[in-house]
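First the structure, in the form of structure tokens, and then the observations on it.
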Amino acid sequence: MSFDPIYLLAISPHPSDPDFGLGGTAAKLIRQGKKVVYVIATNGDKGSSDPDLMPEVLAKTRERETLEAQKILGITDVIFLRHPDMGLEDEPNFRKEILRLILTYRPEVVATCDPNNPPIINNRDHRVIGRVVLDAVWPTA
């Protein structure tokens, strides 16, 4: 399997995170003719304040919203890993999953969360994915 070379592989914990963190940068890169791929690790099934909303319905809504937002930005490739929200773990299978994406796409730039942000302003999925991605980029990849 071969892929067109990509410039930016953005690996985010939740469906809305890449838009908050680097949506403008992604749109600018795309206008410059560079390819951007988003990876969304969780399904967003807990991202609501509505206690009556079923997690599986919310997950489908979050995925649909993500795809609609990416169309606006011009991103054509979004990979959904669909792990449960608030369930990311720094464990071998997840590390391999992330490493496989990096080695498959071989981006010039990998963007993710800063795992060293103070925990008081950062949820666990952000810290876990930041650490896993950084470990996958170097020294593993």
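The values are calculated or read from the model by the stated rules, or taken from the named source; none is laboratory data. Given the structure is predicted, the values throughout are model-derived calculations rather than measurements. Because the Cβ atoms are built from the backbone with ideal geometry, glycine has one as well, and the counts that use them run over all protein chains shown. Protein only, heavy atoms only, side chains kept; ligands, DNA and RNA dropped before computing areas. Shrake-Rupley method; radii C 1.70, N 1.55, O 1.52, S 1.80 Å.
Note on region 28-141: with charges restricted to the Cβ of Lys and Arg (+1) and Asp and Glu (-1), its dipole about the Cα centre is near 580 debye.
Distances between placed amide hydrogens fall under 5 Å for ASP77 paired with TYR38, all partners being 5 or more residues away or on another chain. With the cut-off at under 20 Å, measuring from each backbone N in region 1-41 to a point 7 Å along the Cα-to-Cβ line of LYS71 picks out 15-20, 23-24, 26-28, 30-31, 36-40.
Using a probe radius of 1.4 angstrom, the carbon and sulfur fraction of the accessible surface of the chain is 54%. Heavy-atom accessible surface of the chain, averaged per residue, reaches 58 Å², computed with a 1.4 Å probe.
Expressed as a fraction of 2.2 N^0.38 Å, the C-alpha radius of gyration for region 1-135 is 1.03. Is the shape of region 30-104 best called rounded, prolate or oblate, per the rule: a/c under 1.5 gives rounded, else a/b larger than b/c gives prolate, else oblate, with a ≥ b ≥ c the square roots of the Cα gyration tensor eigenvalues? Taking the square roots of the gyration eigenvalues as a ≥ b ≥ c, region 30-104 is oblate. Taking a straight line from the alpha carbon of LYS28, these aspartates and glutamates sit under 20 Å away, with near neighbours fewer than eight places off in the same chain left out: ASP4, ASP17, ASP19, GLU68, ASP77, GLU108. Modelled spin-label separation between TYR7 and LEU103, with each label point placed 7 Å from Cα along the Cα-to-Cβ direction: 2.7 nm.
Take every DSSP beta bridge whose two residues both sit in the chain; close to 0 percent of them are antiparallel.
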